[in-house]
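Colleague: Quick one: the structure is below, and I'll ask about it shortly.
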Amino acid sequence: MTHDTSDPRSLVLIVDDNTDHLEFLRAAASSGYRVLVASNGLDAYTIACDQHPDVILLDLVMPVANGQTVVRKLRANPATAAVPIIAVTGLETATVEALPERGDFSVVLKKPCHQGEILEAIRKAASSPREPITSGKSRD
């Protein structure tokens, strides 16, 4: 899966195992961004390493590899460590706040979310990327 590198719009990777929600997020983001999709965490990690998205929208509750696992793998890889991640979840706010990975999310969107909040979250995340991790440092 490759993307058009001549298109100057930011590249967004959307990850959700629910096909209806994945399609909703894809349609919302496509209005202003180039979009790649993955339906599970393992595919998301592979795509992120290969395509270098500018922002990742990540469901936290998925089979195969959940969002927390994906975040840990992305942050451990120097090539993806600085990519902003927007958590999109149905989990309760207190549950999300208690996650060890909470600090790795640029924004947390609560399902169901609206197109305007999705686009605003992507805009904010794309305009303020994380600082890359210097080699030799681990985030474990």
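Colleague: If I take R0 = 25 Å and measure r between the Cβ atoms of Glu92 and Lys124 in this structure, what FRET efficiency does the formula 1/(1 + (r/R0)^6) give, to the nearest 0.05?
Modeller: Details: r = 23 Å, r/R0 = 0.92.
Efficiency computed from Cβ-Cβ geometry: 0.65.
Colleague: While we're on this one: Take the chain, compute every pairwise Cα distance, and split them into 10 Å bins from 0; I just need the percent in each bin.
Modeller: Going out from 0 Å in 10 Å bins, the chain shows 12, 48, 35, 5, 0 percent.
Colleague: How would you order 79-91, 23-35 from highest to lowest mean count of nearby Cβ atoms within 10 Å? Working shown, then result.
Modeller: Working: 79-91: 20.0, 23-35: 17.8.
Highest mean packing first, the order is 79-91, 23-35.
Colleague: Hey, another quick one. Give me the net charge for the shell around Ser39: Cβ to Cβ below 9 angstrom, other residues only, Lys and Arg +1, Asp and Glu -1.
Modeller: On the way: positive: none; negative: Asp16, Asp17, Asp43.
Cβ neighbours under 9 Å give a net charge of -3.
Colleague: Further question: Quick check: pseudo-label points 7 Å beyond the Cα along Cα→Cβ at Asp50 and Ser30, how many nm apart are they?
Modeller: Once both label points are built, they end up 2.0 nm from each other.
Colleague: Taking neighbour Cβ counts within 10 Å as the exposure measure, how do Val55, Val37 sort from fewest upward?
Modeller: Numbers: Val55 26, Val37 20.
Ranking Val55, Val37 by Cβ neighbours within 10 Å, fewest first, gives Val37, Val55.
Colleague: Go ahead and run the numbers for FRET between Ala76 and Lys111, Cβ-Cβ distance against an R0 of 41 Å, rounding to 0.05.
Modeller: After rounding, the FRET efficiency stands at 0.95.
None of the figures in this text is laboratory data; all of them are computed from the coordinates on show. Here the structure is a predicted model, which means the values were calculated and not measured. Cβ atoms come from the backbone with ideal geometry, glycine included; neighbour counts cover every protein chain shown.
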